[in-house]
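> There's a structure below that I have some questions on.
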Amino acid sequence: MELTNLAPIVLALPLLMFMIIGLFGYKMTPKFSGILGTTAFSIVTIVCYYIALTYFFGSGRLADGSMAKEVIFNFEWLRFSENLVISIGFLLDPISAMMLIVISTVSLMVHLYSMGYMHGEEGFQRYYAVLSLFSFAMLGLVVATNIFQMYIFWELVGVSSFLLISFYYTKPSAVKAAKKAFIVTRFADMFFLMGILILSFYTQTFDFGPLTEVTNNHVAIVSETMGGVTFCGLSVISIAVFLIFLGGAGKSAMFPFHIWLPDAMEGPTPASALIHAATMVVAGVYLVARLFPIYFFEAHDVLTIIAYIGAFTSLFAAVIACTQTDIKRVLAFSTISQIAYMMVALGVSGYEGSDGLGFTASMWHLFTHAMFKATLFLAAGCVIHAVHSNEMDAMGNLRKHLKITHIAFLIACLAIAGIPIFSGFFSKDEILVAAHEASPVIYWCQTLVAGLTAFYMFRLYYRIFWYNEPDYGHHTPHESPANMWIPLMVLTVYTCTSGFFPFTEYISPDLMGFESHIHWNIAIPSVIVALIGIGIATFMYKKKTEYPDKVVACIKNTYHYAYNKFYIDEVYLFITHKIIYKCICDPIAWFDRHIIDGFMNLLSWITNKTSLEIKSFQSGNVQQYAWVFILGVLSIVALTIYL
């Protein structure tokens with residue numbers, strides 16, 4: 001079947017479901033709306049797989065061995081000038097095809113899982129409507145043919161996130177978290193838009209085709225129109241793409257825009273699995289990957305900055321994750337750390353052949369992380385469903401009660417820790433190889449992060465499934481229904497197998513692919529570090545002991561700072577309330593009230609006073625009017641004669 005006929009279904013069906021369930025959901029039973037949304041997205045998933053597999057194993061491979069960039073459809077929407085046009089289209093290349101699989105798989109599993117997890121929730125139909133809207137927006141983002149189409153869907157993704165975080169809108173904490181996420185990401189999106197406008201102003205195009213076309217080691221259209229142009233001594237190209245990166249940093253929760261993601265866990269757990277672990281938060285990584293030729297050839301200094309920001313963020317978030325007691329917040333900081341890992345891979349990547357290993361590893365880790373992190377979130381949802389709490393102290397020894405969830409969670413922990421045969425080992429190994437070749441500092445930083453990741457994930461695992469068994473009272477925990485554990489098992493299978501797909505043969509920055517192998521000189525030390533992390537977690541948390549308390553007592557101040565997320569939120573509050581509000585906003589407000597308003601009030605007072613003084617001239621007495629008229633005429637005549 002022609003892809004031209006199938007591709008519109010990918011975007012049209014989720015949008016149609018959003019409109020139908022959103023407008024008429026109140027007339028449907030919750031179960032019917034869930035079945036309708038899930039069935040429709042099952043069709044979308046089948047189409048996505050057909051398109052992606054047809055591309056990878058059929059039409060996508062050109063005669064010279066490279067992977068093609070296919071524009072399935074593209075129609076003009078807005079025209080600003082002869083060259084500057086906004087189109088809505090469907091771009092198929094290795095990274096967009098991969099993302100079709102990621103988004104459709106995780107979203108379908110979340111649709112199925114939510115049938116059980118959200119059962120009985122008020123607003124069930126609204127949840128499925130927004131879930132369809134998000135799926136539409138995320139799919140539209142990854143297949144965009146131009147950067148402005150991406151920006152439009154980027155904002156729709158943000159709106160969907162806001163709606164899902166605030167799903168429990170009767171909880172003040174959920175409302176605050178939604179506003180926080182919306183404000184922080186909108187602030188970052190402002191930079192994204194500024195970067196788009198600067199880039200398009202000079203290049204006179206929004207299209208990814210010319211913006212990523214490499215000729216003689218340059219992106220011709222960018223080099224010819226922006227090369228040598230500076231502002232305040234800085235390259236305009238670097239300014240533009242750094243601003244674009246800041247937009248991605250906001251969506252992907254990079255430091256210092258990371259503060260919204262942990263609070264976003266106030267939303268339903270399945271939504272967290274889809275949006276805040278597997279798809280939306282990797283949009284920033286996808287954005288940098290999409291414009292990678294510009295970053296590499298025209299603004300390599302920005303790429304280096306991205307690598308160091310990613311390295312710091314990954315370490316920063318991993319340290320915080322070691323101290324958190326809310327299981328969803330542990331996973332949230334883990335997500336920040338792992339996304340930063342992907343950013344590091346892009347930052348240290350080359351371009352041609354095996355030099356592009358960092359790019360490939362970033363996309364590979366994006367894929368594997370989506371699967372094992374979605375598994376972890378859905379498993380966490382099963383745990384919360386069983387014990388009705390997010391806190392570690394309310395759970396323990398659950399392996400006896402949640403056997404399926406226990407197996408899935410353990411496999412996902414092994415994968416994220418980078419233990420061999422599981423998917424995370426393969427993708428993380430390639431990132432460390434790329435980092436090792438680029439910078440010893442970044443390499444050792446990421447190796448340390450690998451050890452911390454293994455520690456905090458197995459700390460979480462043992463606290464949930466081993467440690468000690470609290471008093472569950474009359475409510476004995478039990479395994480979740482089949483519509484919750486079946487999606488969990490499907491994602492677990494992906495977690496076990498996705499590392500064996502030959503990513504390097506299909507996904508690379510130059511589209512040529514290359515052969516890769518396990519670099520044991522890097523893999524063995526990283527596995528040893530991970531095993532050390534797991535060993536320490538096992539020693540401290542497999543059963544309840546006094547060791548955790550002793551460690552906390554030894555590093556009391558450090559632990560206190562890490563537990564409170566290094567007070568970054570408080571710093572933001574201090575800056576906004578004490579500096580921006582008190583020192584800037586309050587003086588401006590005083591000036592507005594007393595000077596601006598006072599001047600306008602003075603004008604009105606003068607007008608009123610003058611009108612009171614001269615209103616006697618409007619007496620209605622004709623003789624008085626005649627007398628004044630005559631005096632006026634005589635005055636004019638006198639002035640005329642004597643002047």
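The values are calculated or read from the model by the stated rules, or taken from the named source; none is laboratory data. Model, not experiment: these values are computed from the prediction. Ideal geometry is used to build each Cβ from the backbone, glycine not excepted, and the neighbour counts take in all protein chains shown. In case anyone asks, the SASA skips ligands and DNA or RNA and just uses the protein heavy atoms, side chains included. Shrake-Rupley method; radii C 1.70, N 1.55, O 1.52, S 1.80 Å.
> Taking the condition over 20 Å from the mean Cα position of the chain (by Cα) and touching a residue at least 40 places away in the same chain (Cβ under 8 Å), does His401 pass?
So His401 passes the test.
> Among the residues of segment 131-151, write down those that are farther than 27 Å from Met484 by Cβ, in contact with a Gly (Cβ under 8 Å, 6 or more places away or on another chain) and part of a helix (DSSP H, G or I).
Passing the criteria: only Gln149.
> When Phe153 is evaluated against the numbered criteria (1) within 23 Å of Phe245 (Cβ to Cβ); (2) open to solvent by less than 10 Å² (accessible area, probe 1.4 Å); (3) of a type in the set (Phe, Trp, Tyr), which criterion, by number, is the only one it fails?
Of the numbered conditions (1) within 23 Å of Phe245 (Cβ to Cβ); (2) open to solvent by less than 10 Å² (accessible area, probe 1.4 Å); (3) of a type in the set (Phe, Trp, Tyr), the odd one out for Phe153 is (2).
> Can I ask one more? Could you tell me which numbered condition His475 fails, if it satisfies all but one of (1) more than 23 Å from the chain's Cα centre (by Cα); (2) over 26 Å from His111 (Cα atoms); (3) assigned to a helix (DSSP H, G or I)?
(3)
> Which ones in segment 185-215 are closer than 14 Å to Phe296 by Cβ, assigned to a loop (DSSP other than H, G, I, E, B) and not acidic (Asp, Glu)?
Passing the criteria: only Thr212.
> To continue, here is another question. Name the helices (runs of 4 or more DSSP H) wholly within segment 563-643 that hold at least 2 residues that are open to solvent by 80 Å² or more (accessible area, probe 1.4 Å) and modelled with pLDDT under 90?
It comes to 597-614, 622-642.
> Tell me yes or no: at least one residue of segment 435-449 is within 21 Å of Phe500 (Cβ to Cβ) and either part of a helix (DSSP H, G or I) or charged (D, E, K, R) (or both).
So far as segment 435-449 goes, no, none of its residues is within 21 Å of Phe500 (Cβ to Cβ) and either part of a helix (DSSP H, G or I) or charged (D, E, K, R) (or both).
> In addition: What residue, among those in segment 87-125 that are aromatic (Phe, Trp, Tyr) and assigned to a helix (DSSP H, G or I), is nearest to the chain's Cα centre (by Cα)?
Top of the filtered list is Tyr113.
> Please tell me if Ile46 is in contact with a Phe, Trp or Tyr (Cβ under 6 Å, 6 or more places away or on another chain), under 27 Å from Val282 (Cβ atoms) and β-branched (Val, Ile, Thr).
Spelling it out, it is not the case that Ile46 is in contact with a Phe, Trp or Tyr (Cβ under 6 Å, 6 or more places away or on another chain), under 27 Å from Val282 (Cβ atoms) and β-branched (Val, Ile, Thr).
> What number goes with the only condition from (1) polar (S, T, N, Q); (2) within 30 Å of Ile518 (Cα to Cα); (3) surrounded by 20 or more Cβ atoms within 10 Å (Cβ to Cβ) that Thr405 does not pass?
Unmet for Thr405, out of (1) polar (S, T, N, Q); (2) within 30 Å of Ile518 (Cα to Cα); (3) surrounded by 20 or more Cβ atoms within 10 Å (Cβ to Cβ): (2).
> Please state which one of Tyr128, Tyr168 is in a helix (DSSP H, G or I) and either in contact (Cβ under 8 Å) with a residue 12 or more places away in the chain or open to solvent by less than 10 Å² (accessible area, probe 1.4 Å) (or both).
Answer to the selection: Tyr128.
> Related question: Being among the hydrophobic types (A, V, I, L, M, F, W, C) and within 13 Å of Cys48 (Cα to Cα) is the filter here, so list the residues in segment 2-17 that pass it.
Leu3, Leu6, Ala7, Ile9, Val10, Leu11, Ala12, Leu13
> Go through segment 62-100 and give me each residue that's out of contact with any strand residue (DSSP E or B) (no Cβ under 8 Å at 6 or more places or on another chain) and open to solvent by 20 Å² or more (accessible area, probe 1.4 Å).
Result: Leu62, Ala63, Asp64, Gly65, Ser81, Glu82, Asn83, Leu84.
> While we're looking at this one, here's another question. Given Thr4, Thr39, which one is modelled with pLDDT under 90, open to solvent by 40 Å² or more (accessible area, probe 1.4 Å), in a helix (DSSP H, G or I) and not small (Gly, Ala, Ser)?
Only one candidate passes the filter, namely Thr4.
> State whether one or more residues within segment 256-267 are touching a residue at least 60 places away in the same chain (Cβ under 8 Å), under 21 Å from Leu197 (Cβ atoms), in contact with a helix residue (DSSP H, G or I) (Cβ under 9 Å, 6 or more places away or on another chain) and part of a helix (DSSP H, G or I).
Looking through segment 256-267, none of the residues is touching a residue at least 60 places away in the same chain (Cβ under 8 Å), under 21 Å from Leu197 (Cβ atoms), in contact with a helix residue (DSSP H, G or I) (Cβ under 9 Å, 6 or more places away or on another chain) and part of a helix (DSSP H, G or I).
> Separate question: Select from segment 174-224 the residues that are hydroxyl-bearing (Ser, Thr, Tyr) and open to solvent by 50 Å² or more (accessible area, probe 1.4 Å) and write down the one among them that is nearest to the chain's Cα centre (by Cα).
Among those residues, the one meeting the criterion is Tyr202.
> Would you check if there is a residue in segment 336-357 being buried (at least 20 other Cβ atoms within 10 Å of the Cβ), in contact (Cβ under 8 Å) with a residue 40 or more places away in the chain, under 23 Å from Ser114 (Cβ atoms) and of a type outside the set (S, T, N, Q)?
No, segment 336-357 contains no residue that is buried (at least 20 other Cβ atoms within 10 Å of the Cβ), in contact (Cβ under 8 Å) with a residue 40 or more places away in the chain, under 23 Å from Ser114 (Cβ atoms) and of a type outside the set (S, T, N, Q).
> Here's something else I'd like to know. Determine the pairs where a residue that is within 11 Å of Met540 (Cα to Cα), located within segment 451-476, has a partner that is in a helix (DSSP H, G or I) and open to solvent by 40 Å² or more (accessible area, probe 1.4 Å) with Cβ atoms under 6 Å apart, the partner being 6 or more residues away or on another chain.
Phe455/Ile536
> If you don't mind, there's one more thing I want to ask. Name the residues in segment 360-386 that are open to solvent by 10 Å² or more (accessible area, probe 1.4 Å) and more than 13 Å from Val102 (Cβ to Cβ), would you?
Once the filter is applied, which keeps residues that are open to solvent by 10 Å² or more (accessible area, probe 1.4 Å) and more than 13 Å from Val102 (Cβ to Cβ), segment 360-386 yields Ile384, His385.
> Quick one: which residue in Gly396, Gly356, Gly350 is within 30 Å of Glu213 (Cβ to Cβ) and in a loop (DSSP other than H, G, I, E, B)?
Going through Gly396, Gly356, Gly350 in turn, the sole match is Gly350.
> Looking at segment 23-36 only, could you name the residues that are assigned to a helix (DSSP H, G or I) and crowded, with 17+ Cβ neighbours inside 10 Å?
Passing the criteria: Gly25, Pro30, Ser33, Gly34, Leu36.
> Residue check: is Thr492 modelled with pLDDT under 90 and either exposed (fewer than 13 other Cβ atoms within 10 Å of the Cβ) or not basic (Lys, Arg) (or both)?
Judged against the criteria, Thr492 is not a match.
> Additional query: Are any residues in segment 429-444 open to solvent by less than 30 Å² (accessible area, probe 1.4 Å) and either in contact (Cβ under 8 Å) with a residue 40 or more places away in the chain or touching a strand residue (DSSP E or B) at 6+ places or on another chain (Cβ under 6 Å) (or both), and if so, which ones?
Listed by number, the residues that qualify are Asp429, Glu430, Ile431, Leu432, Val433, Ala434, Ala435, Ser439, Ile442.
> Same structure, new question: Sort out which residues of segment 65-94 are free of Cβ contacts under 8 Å to residues at least 12 places away in the same chain and farther than 22 Å from Val142 by Cβ, and write them in order of number.
Within segment 65-94, Arg79, Phe80, Glu82 qualify.
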